[in-house]
Amino acid sequence: MKRLVGALLGAALTMPCATGAQSRETPAAAVPAARPWMNQRLSPGERADLLVAAMTLDEKVAMLHGPMAMPLSPRMPMPPGAVGSAGYIAGNARLGIPALQETDASLGVTNPMMVRGAKDMSTALPSGLALAATFNPDIAFAGGRMIGGEARAKGLNILLAGGANLARDPRNGRNFEYVGEDPLLAGVLAGESVRGIESTGTVSTVKHYALNGQEHNRNTVDSVIGEQAMRESDLLAFQIAIERGRPGSVMCSYNLVNGQHACQNDMLLNTVLKRDWRYPGFVMSDWGAVPSLDAFNAGLDQQSGEQLDPQVWFDKPLKQAVAAGTISAARVDDSVRRILYAMFAAGLFDASPASPAIDFAANADVALREAEQAIVLLDNRKRLLPLARTAGRIAVIGGHAEAGVPSGMGSSQITNPYRSGPVPPISVPLGGEGMMAMWNNVVFHPDPPLAALRAKLPDAQIRFDTGMSPEAAAAAARDADVAIVFAYQPSGEGEDVPDMALPIGQDALIEAVAAANPNTIVVLETGNPVRMPWADKVGAVVQAWYGGAKGGEAIARVLTGELNPSGRLPITWPVDESQLPRPAIPGWTAGPKDPVKVDYTIEGADIGYRWFARRGAVPRYWFGHGLSYTSFDYANLAVLGGKALSASVDVTNTGSTAGEEVAQLYLSERPTGPARRLLAFSKVALMPGETKRVTLKVDPRLLADFDVAGHGWKIAAGRYTVAIGRDAGNLANQAAVKLPAQKLLP
Ligand code: BGC
């Protein structure tokens, strides 16, 4: 991959600028007199069937593979017709099939290697983990809709978004792209953002299917886990995301699952996804994740980023296999039909061209709202927040707070040029052992918290210190009423962070500042939970994640009390690595091509808070934790049983500030014994003194076991105890209900 990136860098200068959609011609077949599949009264499936019936084998196979949409080398130029981004599948002029213009879009529409030119801008949302911290499906939908709209305006129609992998390890370099550790939360939020994207007439993807739980040796790592555990955890997150979002495509991942590559995994693709879940869309490979032609019969439909694989399997070798009878014509038809189905369902055949105009101001508001709802007030032990009006002298220290807010690295990174405006672009190249992310530059989105704080506190004296020297920073802190240290953690695709420590000497910086001024606030801008050896010495800690295009404004609003924080942790925050199922990252010392096994049977489906609950261990902060500038109380919990469990509870804002609370319903006991599972959640806005009754409906699969032998979900008859949780570790307001035995489809 690194060689490839080098080649890309070399080629970027010579790249031709290609726009517009050109199509690959197939001169052998005549232009059809009529195109019955263009009848919009037919269903997407009927239209796909009609079109498949009109296609030649060559035309079908042309849809099953495609190159990257970037110039890789003089011999591999930009594919003609590609708008330019992650990938491209040529259209078909004879049949009127539009080209597939694929772009990464987890956090915004990317422009890798500035392939669409240096002026192409996109709105950057906060990280996926930040989205998960909002606990707000509406925010997820709005973000997806925003990204889908920007993609359409740029002529891109297949969005490689919808990351739904569960956070099994707080060192995973890519957790920032995903939506936390819980299958319900991740499934709902990934699903809603996918639904938002598809509502714009573009196809969305969920990825990386499945069990792509670490980046280290991601091409050779084998995720070992039993079927019941995977169905109840990682697969359930995908299942919920797919049900809610109805993505046109699913991207299979780089890793192996139980010895079989995920993109060549009959169990994951054919049995679970296509048969059990009756998924009608198509499976595309991750870029360079196809080990052989066998992947096709195992359920993979499209070979993407084909130059990265050892061979373009899904072209000539596939046709030869059809001729030899080892791949059936029906299997080819099925794949093509799935791709066409996704295109028809999203409206790709019917849409009129979108206007290239983008309302960046409106889209920045979407990014701001998400960043605001995502910020988690982790600790406020000295009540330093919101900043007192009396805080006349404030020292803002470190984290490039004068420049912007950091981004995660890799294919999801928004690398807007931002050459104009008051803030210069800043990118921090990383180096050092163990940290070799593929695109190893942290880009700082130029919405600096420092400027936002100054604008909101015009009467305060705010001094900035870079934090490069702990001594100088301590001196600045000593001179101030309050010190705010910004600390960041680079993380990104292609490698995990080596450990949970804040890098670049930032722990020492915080210790020095806290020793100089007890009124120290730490603002963390990280991709993951980090160790906090200084936790007892500082007065407040705020988790601001990677905040996106409006991250600085959101942080300043929370610090000054203009906004009451309402984010909750979507991932359990361990004290340190010793509390993890795997204290060391599996294969950390292995060579890059060495096979590595990661044993997920240790925790099975009990990821994050469930692992801690099972062991009776206490993390630094539980999943679901987050403080507010007001207080909330719960009363009158009532639970209804029967076929579907639901609970209602009164939530009251008992403080004097308006705020939002996340009502969290957990399972605490089943007939078979204790269990800790998030059953439902709902974010509710409350004025001071206001009470609202919240109803929480439970997906029955969350009460069930997956019964492998019986091939379905099984709810045991008996008593179920549920509770409202301040977080996953602090349950109160318990109630119990009896449920009958039930079986549910897989
Ligand atoms: C990533 C995918 C991404 C693809 C195309 C891969 O390296 O794993 O998430 O969609 O590249 O850029």
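What follows draws every value from the coordinates through simple rules; no lab data is involved. Because the structure is a prediction, the values reported are computed rather than measured. So basically every Cβ, Gly included, is an ideal-geometry build from the backbone, and we count neighbours across all protein chains shown.
Using only Cα atoms, locate the centre of the range 440-486 and the centre of the range 160-208, then give the distance between them in Å, rounded to an integer.
Cα centroid of the range 440-486 versus Cα centroid of the range 160-208: 33 Å apart.
Would you be so kind as to identify which of Ala675, Val694, Ala728 lies farthest towards the positive end of the dipole of the range 654-746, taking Lys and Arg as +1 and Asp and Glu as -1 on Cβ and the Cα centre as origin?
Value computed over the given set: Ala675.
Only bridges whose two residues both fall in the chain count here: according to DSSP, what percent of them are antiparallel, nearest 5? Write out the running numbers ahead of the final one.
Details: 64 of 107 bridges.
The antiparallel fraction comes to roughly 60 percent.
Return the calculated 222 nm mean residue ellipticity for the chain, to the nearest 500 deg cm²/dmol, obtained by summing -39500 (n - 2.57) across DSSP H runs with n ≥ 4 and dividing by the residue count.
On the way: 17 runs with 176 residues, N = 746.
Result for the chain: -7000 deg cm²/dmol, rounded to the nearest 500.
How big is the dipole moment of the range 38-97 about its Cα centre under a simple scheme where the beta carbon of each Lys and Arg is +1, that of each Asp and Glu is -1, and everything else is neutral? Debye, nearest 20, please.
Values: 5 positive and 4 negative charges, 23 e Å.
In debye, rounded to 20, the range 38-97 gives about 120.
Based on Cα coordinates alone, diagonalise the gyration tensor for the range 284-336, multiply each eigenvalue by 5, take square roots, and list the semi-axes in whole Å, largest first. It would help to have the intermediate numbers written out before the result.
On the way: eigenvalues 66, 27, 13 Å².
For the range 284-336, the semi-axes come out at 18, 12, 8 Å.
Dipole size in debye (nearest 20) for the chain around its Cα centre, Lys and Arg Cβ +1, Asp and Glu Cβ -1? Numbers along the way, then the final one.
Values: 68 positive and 72 negative charges, 233 e Å.
Dipole about the Cα centre, nearest 20: 1120 debye.
Show me, for the range 86-98, the HN-Hα J-couplings you get by feeding each phi into the Karplus relation (A = 6.51, B = -1.76, C = 1.60, θ = phi - 60°), rounded to Hz, glycine and proline as x.
6, x, 8, 10, 4, x, 9, 5, 4, 9, x, 8, x
Give the distance, in whole Å, between the Cα centre of the range 687-728 and the Cα centre of the range 282-361.
About 38 Å separates the Cα centre of the range 687-728 from the one of the range 282-361.
Which whole-number percent is the relative contact order of the range 606-746 (Cα, under 8 Å, 6+ apart)? Please report the intermediate quantities before stating the final value.
Working: 329 pairs, mean separation 36.3, N = 141.
Relative contact order, the range 606-746: 26 percent.
What list of ³J(HN,Hα) couplings, whole Hz, do you get for the range 148-156 from phi and the Karplus terms 6.51, -1.76, 1.60, once you set θ to phi - 60° and write x for glycine and proline?
x, x, 5, 5, 4, 4, 8, x, 9
Taking the highest mean first, how do the peptides 155-162, 398-405 order by number of other beta carbon atoms within 10 angstrom per residue? Working shown, then result.
On the way: 155-162: 29.0, 398-405: 25.5.
Put in order of decreasing packing, that is 155-162, 398-405.
Highest mean first, how do 334-344, 69-79, 367-377 rank when packing is the count of other Cβ atoms within 10 Å averaged over residues?
Values: 334-344: 23.6, 69-79: 18.0, 367-377: 26.0.
Ranking, from highest mean packing down: 367-377, 334-344, 69-79.
Once both labels are modelled 7 Å past Cα along the beta-carbon direction, what's the Ser648-Ala118 spacing in nm?
So the label points at Ser648 and Ala118 sit 6.2 nm apart.
Students often get this wrong, so check it: of Lys207/Lys697; Lys643/Lys683; Lys382/Lys537; Lys683/Lys714; Lys60/Lys316; Lys60/Lys207, which have C-alpha atoms separated by over 19 Å?
On the way: Lys207/Lys697 27 Å; Lys643/Lys683 25 Å; Lys382/Lys537 10 Å; Lys683/Lys714 30 Å; Lys60/Lys316 12 Å; Lys60/Lys207 24 Å.
Listed pairs above 19 Å: Lys207/Lys697; Lys643/Lys683; Lys683/Lys714; Lys60/Lys207.
Would you mind classifying the range 204-264 by shape? Square roots of the alpha carbon gyration tensor eigenvalues, ordered a ≥ b ≥ c; an a/c under 1.5 is rounded, otherwise it is prolate if a/b is larger than b/c and oblate if not.
Values: a/c = 2.32, a/b = 1.41, b/c = 1.65.
The shape class here is oblate.
Which whole-number percent is the relative contact order of the chain (Cα, under 8 Å, 6+ apart)? Write out the running numbers ahead of the final one.
Working: 1932 pairs, mean separation 98.2, N = 746.
Normalised by residue count, the contact order of the chain is 13 percent.
Check Arg94: other-chain or 5+ apart residues with amide H under 5 Å from its amide H, H built from backbone geometry?
Here the answer is Thr26, since their amide H atoms fall under 5 Å of that of Arg94.
Report, ordered by chain and residue number, the aspartates and glutamates lying within cross-link reach of Lys692, taken as a straight Cα distance under 15 Å and ignoring same-chain residues fewer than 8 apart.
Here the aspartates and glutamates satisfying the reach criterion relative to Lys692 are Asp633, Asp650, Glu660, Glu661.
Roughly how many Å is it from the Cα centre of the range 500-532 to that of the range 43-63, as a whole number?
Answer, in whole Å: 57.
From the phi of every residue in the range 65-77, what ³J(HN,Hα) in whole Hz does the Karplus formula 6.51 cos²θ - 1.76 cosθ + 1.60 yield, where θ is phi - 60° and glycine or proline is x?
Once θ is set to phi - 60°, the couplings for the range 65-77 become 7, x, x, 6, 9, 8, x, 8, 6, x, 7, 10, x Hz.
Using 0.36 nm per residue, how much length does the chain from Arg383 to Lys738 gain when fully extended, once their Cα-Cα distance is taken away? List each step's numbers first, then the result.
Values: separation 355, 0.36 × 355 = 127.80 nm, distance 4.34 nm.
Additional length available on full extension: 123.5 nm.
Can you list the residues of the range 75-102 with backbone N under 14 Å from a point 7 Å past the Cα of Ala351, pointing along Cα to Cβ?
In the range 75-102, the label zone of Ala351 (backbone N under 14 Å from the point 7 Å along Cα→Cβ) covers 83, 98-102.
So if each residue of separation counts as 0.36 nm, and I subtract the Cα-Cα distance between Glu690 and Ala53, what length gain in nm does that give? Don't jump to the answer; show the numbers that get you there.
Details: separation 637, 0.36 × 637 = 229.32 nm, distance 6.11 nm.
So the chain would gain 223.2 nm between Glu690 and Ala53.
Give me the one-decimal Kirkwood hydrodynamic radius in Å for the chain, with the sum taken over alpha-carbon pairs.
For the chain, the Kirkwood estimate is 26.4 Å.
Rounded, prolate or oblate, given the Cα gyration tensor of the range 47-149, with a/c below 1.5 counting as rounded?
Values: a/c = 2.95, a/b = 1.47, b/c = 2.00.
The shape class here is oblate.
Rank by packing, highest mean first: peptides 273-286, 110-123, 455-468, with packing defined as the count of other Cβ atoms within 10 Å averaged across residues. Mind showing how you got there, number by number?
Working: 273-286: 21.4, 110-123: 19.8, 455-468: 15.6.
Sorting 273-286, 110-123, 455-468 by mean packing, highest first, produces 273-286, 110-123, 455-468.
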